[in-house]
Amino acid sequence: MTPEYLARIRAIYEAALAKDTLERAAFLDQECQSDEAIRRQVDLLLAAQQRVPAWLNEPLLAPAPIGESPGGSFPQMAGRQLSGYQLVREIGHGGMGSVYLAERSDGAFRKQVAIKLVRPGMNDANILARFRQEREILASLDHPGIARLLDAATTDEGLPYFVMEFVDGQPIDRWCDERKLNLTQRLVLFRTACDAVQYAHQRLIVHCDLKPGNILVTADGNVKLLDFGIARLLRQEPVGDKATRTLMPVMTPEYASPEQANGDSITTLTDVYSLGVVLYELLTGHRPHHLLKAAVREVARVLAEEEPTRPSLVVATTQERLTPQAVSEVREGDPNRLRKRLEGDLDCIVLTALRKEPVRRYSSVEAFGGDLGRHLENRPVNAREDSFWYRANRFVRRHPSGVATGILIALSAAAGLFTTLWEMRTLVKAQGQTLSGHAILEPLVAMFLYVDVAGFGITVYLTRATFLRAMGSLAGGVVFAAIWIIRWKVDYAMGWWRSAFLETPEPLMLFSLPVAFLIMMMAGGMLFLVSWRVTRRFGRAGQVAILLAVPIDLAIRDRIWWQHFMRMLVATPGTGPVLGDAAFFALGMVLGYVVMRLIAGPDGKDQLARTQQATS
């Protein structure tokens, strides 16, 4: 029989046992009408139960009512005053303690707190040691995401207690479901819980019992981590008898890690696994394993051997009355949309946190939360196999409008370049030198202006320059354009350049000077922004390299590529003109860069534009 089949038999048996003889038969007929095998098994269990002597069903020690100890009378807790607070009612209890809501008793102002104390009769040495350890742990933690310790003392009967911040909230899964938060909102909330756990880990404290019931969310959306009752201090031996820990580990089976179930060493990676279970349930509504009242041995086997189903697949199944429609209704609204949202990054992130072997999980809660942050920012996550296409996909998701704009600009520039060159080729071939240089160069200059304006905008975006830095680069571009015009004048005076057109021997006169100046100003601005980013990334060495490489490149381009491309301008061959042009370009680069720095400040002082927006 499968564990699920045995769990169903047990559930029906326990429900039938709670009913009287008259109701039992009708109940079993209704529950087992589709499976006679289950009915036979339940009947056998009921018959065996009737043959058990009555005294075996009685506990060896009758449970004491709240406020009363097994050894005698104990004053009722509700109404008592401890540390200046009056106990109102019990709001929770666990294996070793009870938690009471309490209010300030002097009436000076209204304040509610939670008081946790050892339950009467639970004064075993190990229990008291564990209780004192929890008190020590809470005293060492001061984080907005962790319920704070306010005071500690001992009752008149010798029972230790401590006063905590009262958290009026709901478990994180119920809080998200009631407000129908989508997956992105759930991830943002979950990351705040990761921050609190990471804070505890930095102080060598492992929670060991992370589950939705211990991660509460208040009405205003603040996450609070509770219950360090079984937490471990990594710097000392765990509290309790070793044999007891091995045979009966203290844990919540549904959220326990494989090493907890097996009694192995506890590390911070134990909490990584438990947080993975919480996230799995938060995103899918399901749990990675079905451990309905399973024995400790069965829990250890399941956690060690059975792999959890991928989150994107489990949301398409029906389990324990959880249908795909019911799960998606409180998340993404549509089963297909929920499945697609989970595919890829979230599948890999959750399953990495749920690795059986601790060394294969995330190295820390901080790394776990960091991968979730990268997913939310559409950046490549560490849990997935890296590839060029994956990174390209993440980049497009981060900058959809920028990529679309860049593609449109590139296509339009390519189309404009092709059209302009085709028209120029046709005109020159048909009419030779009968056309004026202005008529031939006019469309080419217009295209260059268009490309430079668009290129400057793209450069500002990609370099993440602030407005002041962009304006400083344009001011430097003015200097660069002026040097460029002076360089053309000198070239003509030295006989290094001449026009192939009869209308004017001076090449510069073939262009509209204001438009040419604007083109070179934009080009200079782009060069200065690129140089600024290179300097921020590689330091002065990168700056020197680019200030030397760009002038040489521009000089060679103008001497070889330009005249070969146009066949309209004639350049004097030799290295002298190239070196002269390079010197002018270098001077323009240096002076323009100095102007940009005077306006926008040193390279590393200003914040990058999108970084500044993200942190503001």
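Quick look at the values:
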quantity	calculated
Restricting region 139-151 to residues that are in contact (Cβ under 8 Å) with a residue 40 or more places away in the chain and part of a strand (DSSP E or B), the residue that is nearest to Ala102 (Cα to Cα)	Asp151
Test set (1) at pLDDT below 90; (2) crowded, with 23+ Cβ neighbours inside 10 Å; (3) acidic (Asp, Glu) - Glu306 fails condition number	(2)
Residue in region 465-472 that is β-branched (Val, Ile, Thr), in contact with a helix residue (DSSP H, G or I) (Cβ under 6 Å, 6 or more places away or on another chain) and modelled with pLDDT under 85 present	no
Residue match in region 29-49 (condition: modelled with pLDDT of 75 or more, among the basic types (Lys, Arg) and in the same structural domain as Ile127 (by TED's automatic domain parsing))	no
Criterion violated by Lys356 - all others in (1) part of a loop (DSSP other than H, G, I, E, B); (2) under 17 Å from the mean Cα position of the chain (by Cα) satisfied	(2)
Of all residues making up region 450-464, the number that are among the charged types (D, E, K, R) and closer than 16 Å to Met520 by Cα	1
Subset tally (residues that are part of a helix (DSSP H, G or I) and touching a residue at least 24 places away in the same chain (Cβ under 8 Å)) for region 320-337	3
Of residues in region 338-347 being outside any loop (DSSP other than H, G, I, E, B) and touching a helix residue (DSSP H, G or I) at 6+ places or on another chain (Cβ under 7 Å), the one surrounded by the most Cβ atoms within 10 Å (Cβ to Cβ)	Leu338
Pair list, Cβ under 6 Å, 6 or more apart: region 485-507 residue farther than 16 Å from Ile440 by Cα and at pLDDT 85 or above, other residue among the aromatic types (Phe, Trp, Tyr) and part of a helix (DSSP H, G or I)	Arg487/Phe584
Filter result (under 30 Å from Pro258 (Cα atoms), charged (D, E, K, R) and out of contact with any Ser or Thr (no Cβ under 6 Å at 6 or more places or on another chain)) within region 328-357	Arg331, Lys340, Arg341, Asp345, Arg355, Lys356, Glu357
Search result, residues across region 467-502 that are closer than 30 Å to Gly574 by Cβ, basic (Lys, Arg) and crowded, with 21+ Cβ neighbours inside 10 Å	Arg487
Qualifying residue in region 515-523 (condition: over 16 Å from Ala583 (Cα atoms) and out of contact with any helix residue (DSSP H, G or I) (no Cβ under 6 Å at 6 or more places or on another chain))	yes
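The values are calculated or read from the model by the stated rules, or taken from the named source; none is laboratory data. Just so we're clear, the structure is a prediction, and the values are computed from it rather than from any experiment. With ideal geometry, Cβ positions are generated from the backbone for all residues, glycine too; neighbour counts draw on all protein chains shown.
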